[in-house]
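Enquirer: Below is a structure I'd like to ask you about.
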Amino acid sequence: MKKHYVNSIAIFFLILSQQSFSQTITAGGINPVIGDVFNYKTTAHFNEGSSGSGQVWNYPSLTGTTQQLTAVSVASTPYASYYPSATIAEKQGSGTAYLYYSNSASAQQTRGYAVSTTQIVYSNPEEMLHFPFSLGNSYVDNFVANFTSGGYSYTRRGTTTVTADASGTLTTPAGTFTNVLRVRIFQDYQDSTNLGGSPYIIDYTNDEFLWYKDGFHYPLASTFTFVNNGTPSTSGSYLITSTIGIDETNAFESNLNIFPNPATSLLTVEQMVETQEPLRISLMNVLGEKLAEIVSPTQPGSRNEITINVEKYSKGIYLVLVSCGDLSTTRRIVIE
């Protein structure tokens, strides 16, 4: 009986250890990689609920407008020279605006934002996440940025407080996700300039809650209240690309074979699926612009083979987005 009791204690602590680990986010599980495409819906603001462990967040009826972000190389963007320290960029929609990050095994840092004639460049980057990050972890970071708008030069200074304040199970219209970590990000900052010899200051705060799960490179959901010089605005969002479990995603990725890589004339995509939904193959450049798309019927349980002629494309790096129903994955290929 004593032996059984000791084993039970060991199992109990093992379960606690596994639960704690599963609600820890890591750089490998969260940081975007070039080729990631994030489809999400912007929604009305929703209540973030309580803090602490074991929470259950139910938002199955959220509705909104579909938006898209594509992770691309910094060099492929029109503002690359402003952000030499950035390691990756995110293109918003059709590519009129870009977010720049410097991501590593220890942190996710904002390096700037560029759109049209305005480039916000951080001389002291803003640390949006630390890794690994678990329930109860918290830190404060100071940041500084500079930009020109309307012919005036501005300096942005502020403080970001980041806290992993809750964990539990999240339900959105995309599905139910267990072992989710909620992160609260509170930004307090000012834009200052000089107008006609007089100082001009704009005050901002942003109180945002984001739900993360290792294995998803974008928040599963977010809700925030932004205040501009005393005027509040609110919004929310949820990820719609990842509507299935990680196990299914891993199986879809492991069953995918794209060859040859590098390719010179013909590129073959092989994928085995378990549904009758069509297989969609999209060839994109590193800006996320779609160059070609093939939609092919599938045979469940069999290896489906699609061939793409790539002879007409210039040498370089390209992205192949493979999707079937709710499953999707992106691979990087080289054309020689």
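Enquirer: Given the conditions (1) open to solvent by less than 50 Å² (accessible area, probe 1.4 Å); (2) part of a strand (DSSP E or B); (3) at pLDDT 90 or above, which single one is not true for L321?
Expert: Going through the list (1) open to solvent by less than 50 Å² (accessible area, probe 1.4 Å); (2) part of a strand (DSSP E or B); (3) at pLDDT 90 or above, L321 breaks only (3).
Enquirer: Could you tell me how many of the residues in segment 46-65 are surrounded by 15 or more Cβ atoms within 10 Å (Cβ to Cβ) and not hydrophobic (A, V, I, L, M, F, W, C)? Talk me through it step by step, then tell me what you get.
Expert: Here is the first cut: in segment 46-65, the ones surrounded by 15 or more Cβ atoms within 10 Å (Cβ to Cβ) are 46, 48-49, 51, 55, 57, 59, 62, 64.
From what is left, the residues that are not hydrophobic (A, V, I, L, M, F, W, C) are 48-49, 51, 55, 59, 64.
Looking only at that region, the number is 6.
Enquirer: So the check is Cβ under 6 Å with 6+ separation or different chains; which pairs have a first residue in segment 16-41 that's modelled with pLDDT under 90 and a second one that's of a type in the set (D, E)?
Expert: Filtered contacts from segment 16-41: G29/D214.
Enquirer: Based on what the data block shows, is L181 buried (at least 20 other Cβ atoms within 10 Å of the Cβ), of a type in the set (A, V, I, L, M, F, W, C) and within 16 Å of the chain's Cα centre (by Cα)?
Expert: Yes; evaluated as a whole, the condition is true for this residue.
Enquirer: Follow-up question, since we're still on this one. Determine whether segment 111-126 contains at least one residue that is more than 23 Å from T42 (Cα to Cα) and either touching a Leu at 6+ places or on another chain (Cβ under 9 Å) or among the basic types (K, R) (or both).
Expert: yes
The values are calculated or read from the model by the stated rules, or taken from the named source; none is laboratory data. None of the values given here were measured: they were computed from a predicted structure. Glycine also receives a Cβ, built like all others from the backbone with ideal geometry; neighbour counts cover every protein chain displayed. Calculation scope for accessible area: heavy atoms of the full protein, side chains included, ligands and nucleic acids excluded. Shrake-Rupley method; radii C 1.70, N 1.55, O 1.52, S 1.80 Å.
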